[in-house]
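Let me begin by presenting the structure, written as structure tokens, before commenting on it.
The values are calculated or read from the model by the stated rules, or taken from the named source; none is laboratory data. Computed from a predicted model, the values in this text were never measured in an experiment. As a convention, Cβ positions derive from the backbone with ideal geometry for all residues, glycine included, and neighbour counts pool all protein chains shown. Note: areas computed on protein heavy atoms with side chains; ligands, DNA, RNA excluded. Shrake-Rupley method; radii C 1.70, N 1.55, O 1.52, S 1.80 Å.
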Amino acid sequence: MRAAPLALRLLCLAGLWPLARLTGGHSPNKRRHKEVYLAEETRNKPGGRVDFRLKKQDSTKSLLIKSEQLLRIEDHDFAMRPGFGGSAIPVGIDVQVESIDSISEVNMDFTMTLYLRHYWQDVRLAFPSGSNKSRTFDARLVKKIWVPDVFFVHSKRSFIHDTTMENIMLRVYPDGNILFSVRITVTALCSMDFSSFPLDTQNCTLELESYAYNENDLMLYWKNGNDSLRTDEIVLSHFFIESFHPSYGLAFYSSTGWYNRLYINFILRRHIFFFMLQTYFPTMLMVMLSWVSFWIDRRAVPARVSLGITTVLTMSTIITGVSASMPQVSYVKAVDIYLWSSFLFVFLSVIEYAAVNYFTTMEEMKKLRRAKVPPSFNSTTQAMAFDGCYHDNDIDLASFGEAASTTNTERTGHSRDSVADSAPGEGTRLRRKNPVVRKLQYVMSNSHMIDSYSRVIFPMSYLLFNVIYWSMYT
């Protein structure tokens, strides 16, 4: 009797076992959802660890695969430009200048960091969207689609920033419009004119152009006209930025044709205060220092020669320092005109003393020749001073003053007789010396007057030179 109910229970259990197997078991999908849920829960907890079995799931990679499927990247050949075979595709450009890092006069180039943005439409990337929201991607998707091949003309070197990842952004809209932005630092050539340096103004240009597509395939244009070029507040140490403005043009290559070219123009005006402190003010002081010798006694040869040589050498050092920081150009710069003119004033002050010393010596030698010197008087040893000049107060003319006066009386009488004997006859004309020549002879015979005139002529000439110089270049 008991065996019958037991057998019946065993039969029921055997019939319900497959059903329990189907309903009670965990499917792979449910396990995957559970693992993802546990991973999210563990990530939110501080110090939580993710199970090693979840590492093989890369949500970003799976999202990228879904995006590629959404944009149908595998269905198109993105090696070809959009609308291949038709009209040129318009590509709008928008630039925001972040900074001008450096400007080199020696290398004639500048370094600029900027955000370069491209705008175009590629219907192959259009996707359905109920909310009409765009999708943003990084550099990984950029390598799989077509992008404009814009490059910088006359660039020496450039690179895309890659900290912490490549600074590239791609934004795709449902209708196929695309925004492609990249952060670039570029060093480009700037042809500078230094004829007015350092009172110059430089006009530098950064040029953008498509490398492979001419105007029949790609049309570059400024996206928002003059508002397409924006700049942050840029402060430079040696320059003041007067203006930033975009422009447009065409470039022709004999082998490939015409290309659209965009220009980023900026005008730089140099700050003069740095060069005033480093070059102009020291030069002015050296020139004025050379004038001090005009107030020093003309017989003080060591003092005046030392001062003149010191100022000449200092001017040579200033000229060498300025030339070392400038490119080797074949024309004269404004700073060269000022420095060499100032050097000429310093050099003339040394030549002025050489003339004063020479005429002083000649004047004292003539005085010695006119006087009757006693046989016991050694004019060479006693009249020559330590500095090499003849001095009036070193010669004692009192011992032979009477003889000198007698000689002068005899010469005067003799000259009068000669004039009386050689009186001009009829038709004889008397020639008078030129007043300029007489004045020059008078100055030469009175050498101290050269210093007196130099005290006025040198400062006035240098002042006139400065007035003309600064009125021309400012």
Subject >> For VAL186: the one exception among (1) modelled with pLDDT of 95 or more; (2) farther than 30 Å from SER325 by Cβ; (3) β-branched (Val, Ile, Thr) >> reply: (2)
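When you go through ILE168, ILE178, ILE184 one by one, which is the residue that is β-branched (Val, Ile, Thr) and free of Cβ contacts under 8 Å to residues at least 60 places away in the same chain?
ILE168
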Subject >> Matching option when the condition is open to solvent by less than 20 Å² (accessible area, probe 1.4 Å), closer than 25 Å to TYR213 by Cα and touching a residue at least 40 places away in the same chain (Cβ under 8 Å), among ASP109, ASP94 >> reply: ASP94
Original post:
In segment 294-308, what residues are surrounded by fewer than 13 Cβ atoms within 10 Å (Cβ to Cβ) and in a helix (DSSP H, G or I)?
Top reply: TRP295, PRO302, SER306
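Select from segment 309-337 the residues that are assigned to a loop (DSSP other than H, G, I, E, B) and under 22 Å from TRP470 (Cα atoms) and list them in ascending order.
Let us first name the residues in segment 309-337 that are assigned to a loop (DSSP other than H, G, I, E, B), namely 325-333.
MET326, TYR331, VAL332, LYS333, listed by residue number.
Keeping to segment 266-277, report how many residues are open to solvent by 20 Å² or more (accessible area, probe 1.4 Å) and not in a helix (DSSP H, G or I). I'd like the intermediate steps shown before the answer.
Here is the first cut: in segment 266-277, the residues open to solvent by 20 Å² or more (accessible area, probe 1.4 Å) are 267, 269, 271-277.
Subsequent filtering for residues that are not in a helix (DSSP H, G or I) retains 267, 269, 271-272.
Residues meeting the conditions: 4.
Any residue that is assigned to a helix (DSSP H, G or I) and modelled with pLDDT of 80 or more - is there at least one of those in segment 369-380?
First pass over segment 369-380, keeping only residues assigned to a helix (DSSP H, G or I): 369-370, 379-380.
Then drop every residue that is not modelled with pLDDT of 80 or more, which leaves 369.
Among the residues of segment 369-380, at least one is assigned to a helix (DSSP H, G or I) and modelled with pLDDT of 80 or more, which makes the answer yes.
Tell me, yes or no, whether segment 349-364 has at least one residue that is open to solvent by 90 Å² or more (accessible area, probe 1.4 Å) and modelled with pLDDT of 75 or more. If you could, list the steps in order and put the result at the bottom.
Within segment 349-364, the subset open to solvent by 90 Å² or more (accessible area, probe 1.4 Å) is 358.
Now drop any that are not modelled with pLDDT of 75 or more, which leaves 358.
The answer is yes; a qualifying residue exists.
Of the residues that make up segment 158-174, is at least one under 17 Å from ILE264 (Cα atoms) and within 26 Å of the chain's Cα centre (by Cα)? Outline the logic, then answer.
Initial filter on segment 158-174 (under 17 Å from ILE264 (Cα atoms)): 158.
Those still in the list that are within 26 Å of the chain's Cα centre (by Cα) too: 158.
Taking every residue of segment 158-174 in turn, at least one turns out to be under 17 Å from ILE264 (Cα atoms) and within 26 Å of the chain's Cα centre (by Cα).
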Original post:
If we only count strands (runs of 3 or more DSSP E) wholly inside segment 128-235, which ones have 1 or more residues that are open to solvent by less than 70 Å² (accessible area, probe 1.4 Å) and not aromatic (Phe, Trp, Tyr)?
Top reply: 150-153, 155-160, 168-172, 177-189, 201-210, 218-222, 229-231
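Are any of the residues in segment 278-287 within 18 Å of the chain's Cα centre (by Cα) and either free of Cβ contacts under 8 Å to residues at least 40 places away in the same chain or not in a helix (DSSP H, G or I) (or both)? So that I can check it myself, show each step before the final result.
Kept after step one, since they are within 18 Å of the chain's Cα centre (by Cα), are these residues of segment 278-287: 278-279.
This time we only want the ones that are either free of Cβ contacts under 8 Å to residues at least 40 places away in the same chain or not in a helix (DSSP H, G or I) (or both), so: 278.
Within segment 278-287, one or more residues are within 18 Å of the chain's Cα centre (by Cα) and either free of Cβ contacts under 8 Å to residues at least 40 places away in the same chain or not in a helix (DSSP H, G or I) (or both).
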Original post:
Do you know which residues across segment 78-127 are aliphatic (A, V, I, L, M) and not in a strand (DSSP E or B)?
Top reply: ALA79, MET80, ALA88, VAL106, MET108, VAL123, LEU125, ALA126
**OP:** Test ARG49 against the stated conditions and say whether it is basic (Lys, Arg) and either at pLDDT 85 or above or in a helix (DSSP H, G or I) (or both).
**Re:** no
Subject >> Failed item, numbered, when TRP340 is tested on (1) part of a helix (DSSP H, G or I); (2) farther than 25 Å from HIS448 by Cα; (3) open to solvent by 70 Å² or more (accessible area, probe 1.4 Å); (4) at pLDDT below 50 >> reply: (4)
